[in-house]
Every structure is written in structure tokens, then in C-alpha cells.
Amino acid sequence: MGSVNKVIILGRLGADPELKYTQDQTPVSNFSVATSVSYKSKSGEKVDKTSWHRSVSYTHLTLPTNREV
């Protein structure tokens with residue numbers, strides 16, 4: 001039996017979500033979220049690292065996602 005993984009990404013939205021519809025009028029939203037981490041390197045310098053996460057929501061999750069982000 002397969003498993004389900006849940007991921008929660010907290011960050012900053014890269015741009016407004018892009019809302020499109022499939023041929024059967026199913027809404028699909030694409031958006032990017034940036035997350036950042038700061039730490040000190042071995043030499044004592046501050047290092048900032050940003051990672052980008054592309055996300056897609058569809059069906060009944062799309063329209064609330066588009067309003068909230």
C-alpha cells in the first residue's frame with residue numbers, strides 16, 4: 001500500500017498565482033514560494049540561502065488557494 005506525505009511550506013510568494021482552466025473547466029493554479037535560511041559558515045561568515053518551490057493546485061483546492069496566497 002502506498003503512503004501519503006504532507007508538506008507545509010512557509011515562505012514568500014514569488015509572484016501572483018497563475019490561474020488557468022483545463023478543457024473540462026477544472027481550475028489549475030501555479031505559483032512559486034521562496035524559503036530562506038541563514039547560518040554562519042565555519043569561517044564565521046553569515047550565509048543566506050534561498051530555495052524556490054514551485055507548486056500546482058487543482059480541482060476544489062485551486063480557487064481558495066488563489067484567494068489566500
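About the Cα centre of the chain, how large is the charge dipole given +1 on each Lys and Arg Cβ and -1 on each Asp and Glu Cβ? Please answer in debye to the nearest 20.
Charge dipole, the chain, about its Cα centre: 380 debye, nearest 20.
I want to verify the translational diffusion coefficient of the chain in µm²/s; compute it with Stokes-Einstein, Rh as the Kirkwood radius over Cα pairs, at 37 °C and 0.692 mPa s.
228 µm²/s
Kindly write out, for segment 21-27 in residue order, the coupling ³J(HN,Hα) from the Karplus curve 6.51 cos²θ - 1.76 cosθ + 1.60 (θ = phi - 60°), rounded to whole Hz, with x marking Gly and Pro.
10, 6, 4, 8, 6, 7, x
Starting from the Cα-Cα distance between VAL4 and LYS20, subtract it from 0.36 nm times their residue separation and give me the gain in nm to one decimal.
3.1 nm
Values quoted throughout were computed directly from the atomic coordinates according to the rules given, and no laboratory measurement underlies them. Since the model is a prediction, treat every value here as computed from it, not as a measurement. Cβ coordinates were reconstructed from backbone atoms using ideal geometry, including for glycine residues, and neighbour counts include every protein chain displayed.
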